[in-house]
């Protein structure tokens, strides 16, 4: 992991951000994020945030066309991008250190002075449509969105989003920008070799990010996940295999140690070719690949497990998932395999922090709640994670009894119910079913 120092700043105007000072890098990575995601919009205007993100890094006060702005950004090989989630819109650049002030300045100018030209809105409407249609071929993505929606989380499928695009107008973009792109609703993270001198960063953001003051940070939405009594089935006869998602929710957030423990659990179960679920399933020829992980929202922690599996192997795979989760709930964990999982996560954590962009990504939770989890401490904290903590969290998660299972492919409801029945005995309330 790159050695680094963290410095949080709050400017006189209320803008907050993180500076990651790391001496062993020749690049600067900068992100500017706003609480401006789709949750703020009515359903028919859902794509406003996404379309605005596409258009904003286009024509502005200093550049007549989007391509002129992009040419200026990329003239020495710099990179720019933007992304929209249910919660946030984030703009990013990465450049060589020798030109970071020029490139970051261009990004801040673009955020501050977009023109939202009608011709660029029209072009990006078409591009967004193409993007969403292409993503609809990603069956895991489609199933994940449908599962979130079915379980009461804020979500729409890509197909629904395509059908809503025509409702969005240029005026919607201007309105959403005005309401969300304010100083007090912004957060930034910048990483590079600054040698402890942050004056130029503070000056840059003070002078070049020129936005309305705003009325504080927009709060994250309240979401209440629901248990699915029946499996969600997205029937697609043209898809021979079954795409599978199994989601569980805990009605609280985890602290830093508990989040690492959840990562250890996922590593223990699915991360490696010798893990308890994926390793065993792969050894038996049941599945080519699968994964699991944690997701976080306001006052919520989710844990998911996903796989693509043939109809023939779906039942033995889900019985294996059931058996391993029951063992965890009962506190039965193999000492040697647990230690291997913990060491694997430790090494993976160290590898993930070897670049400036990797460090910025690791500090991304700052956008959610303004909490800074010092990545420098992760290796030491990972070494101290024990079996008891992992068992306690998974037991609490299972006892919450808030879960759902979804399947996409050439499967109907009755076979899906049979597959779900294998999972039901994991949960104490349903152990007699």
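The values are calculated or read from the model by the stated rules, or taken from the named source; none is laboratory data. Bear in mind the structure is a predicted one, so any value in this text is a computation, not a measurement. Counting neighbours? That spans all protein chains shown, and the Cβs are built from the backbone with ideal geometry, glycine included.
Data table
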item: Checking residue 279 against (1) in the same structural domain as residue 333 (by TED's automatic domain parsing); (2) farther than 24 Å from residue 390 by Cβ; (3) surrounded by fewer than 19 Cβ atoms within 10 Å (Cβ to Cβ), the condition it does not meet; result: (2)
item: In segment 135-147, the residues that are surrounded by fewer than 19 Cβ atoms within 10 Å (Cβ to Cβ), in a helix (DSSP H, G or I) and in contact with a helix residue (DSSP H, G or I) (Cβ under 9 Å, 6 or more places away or on another chain); result: 135, 141
item: Residue among 214, 285 that alone is outside any helix (DSSP H, G or I), in the same structural domain as residue 364 (by TED's automatic domain parsing) and in contact with a helix residue (DSSP H, G or I) (Cβ under 9 Å, 6 or more places away or on another chain); result: 285
item: Residue in segment 154-163 that is assigned to a loop (DSSP other than H, G, I, E, B) and in contact with a strand residue (DSSP E or B) (Cβ under 7 Å, 6 or more places away or on another chain) present; result: no
item: For residue 236: the one exception among (1) within 30 Å of residue 101 (Cα to Cα); (2) surrounded by fewer than 20 Cβ atoms within 10 Å (Cβ to Cβ); result: (1)
item: Criterion violated by residue 361 - all others in (1) over 30 Å from residue 242 (Cβ atoms); (2) outside any helix (DSSP H, G or I) satisfied; result: (2)
item: Members of segment 5-15 that are outside any strand (DSSP E or B) and either at positive phi or in contact with a strand residue (DSSP E or B) (Cβ under 9 Å, 6 or more places away or on another chain) (or both); result: 11, 14, 15
item: Residue satisfying condition, being within 26 Å of residue 335 (Cα to Cα), touching a residue at least 40 places away in the same chain (Cβ under 8 Å) and buried (at least 20 other Cβ atoms within 10 Å of the Cβ), within set 268, 249; result: 268
item: Every residue from segment 288-314 that is assigned to a helix (DSSP H, G or I) and either surrounded by fewer than 16 Cβ atoms within 10 Å (Cβ to Cβ) or within 28 Å of the chain's Cα centre (by Cα) (or both); result: 311, 312, 314
item: Residues of segment 54-78 classified as surrounded by fewer than 20 Cβ atoms within 10 Å (Cβ to Cβ) and either assigned to a strand (DSSP E or B) or under 22 Å from the mean Cα position of the chain (by Cα) (or both), total; result: 0
item: Filter result for the condition that a residue is touching a helix residue (DSSP H, G or I) at 6+ places or on another chain (Cβ under 7 Å), in a loop (DSSP other than H, G, I, E, B) and either crowded, with 19+ Cβ neighbours inside 10 Å or touching a residue at least 40 places away in the same chain (Cβ under 8 Å) (or both), over 18, 2, 51; result: 2
item: Residue list for segment 79-110, restricted to those being touching a helix residue (DSSP H, G or I) at 6+ places or on another chain (Cβ under 7 Å) and assigned to a helix (DSSP H, G or I); result: 101, 103, 104, 105, 106, 108, 109, 110
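For (1) in a loop (DSSP other than H, G, I, E, B); (2) assigned by TED's automatic domain parsing to the domain that holds residue 178; (3) touching a strand residue (DSSP E or B) at 6+ places or on another chain (Cβ under 7 Å), each residue gets a yes or a no:
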| residue | (1), (2), (3) |
| --- | --- |
| 196 | yes, yes, yes |
| 227 | yes, no, yes |
| 262 | no, no, yes |
| 265 | no, no, no |
